[in-house]
Amino acid sequence: MVLLHSAVGVDWQSPPKGTSLKTLSEAEEQGFILIRGEFQKRQFRLTELGSEHAERDKRRLEARRL
C-alpha cells in the first residue's frame with residue numbers, strides 16, 4: 001500500500017527509496033502497477049486498478065480520521 005500511496009498520478013515515476021524488487025513484483029502481479037527499466041533506472045506507474053485501489057484506501061483512511 002505504501003507504494004500505491006506514494007504514487008503521484010499515473011505517470012511513470014521512480015519508486016520510493018527503499019522499495020524492494022519483491023514489493024514491486026508483487027504489486028505488478030496483482031495488477032496494481034506496471035514496471036519498466038532495470039536496476040537504478042526502474043520506474044513504475046499505477047494501472048487503472050491500482051489508481052482506483054489507492055483512491056479507495058485514501059478515502060477509507062480519511063473517513064477513519066473524522
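Calculated mean residue ellipticity at 222 nm for the chain: -14500 deg cm²/dmol, from DSSP H runs with n ≥ 4 weighted as -39500 (n - 2.57), summed, divided by the residue count and rounded to 500.
For trypsin sites (Lys or Arg not before Pro), the sites in the chain that DSSP calls loop and that have at most 16 other Cβ atoms within 10 Å are K17, R42. Rounded to the nearest 10 degrees, the angle from helix 48-65 to the longest Cα principal axis of the chain is 40 degrees. Eigenvalues of the alpha-carbon gyration tensor of the chain, scaled by 5 and square-rooted, set the equivalent ellipsoid semi-axes at 22, 12, 10 angstrom, largest first. Springs join every pair of Cα atoms under 10 Å in this Gaussian network model of the chain, and among L21, L34, L46 the largest mean-square fluctuation is at L21.
The numbers here are math on the coordinates, done by the rules we state, and not lab data. Only a predicted model underlies this, so the values are computations on that prediction, with no experimental measurement involved. When we count neighbours, we look across all protein chains shown, and the Cβ atoms used for this are built from the backbone with ideal geometry, even at glycine.
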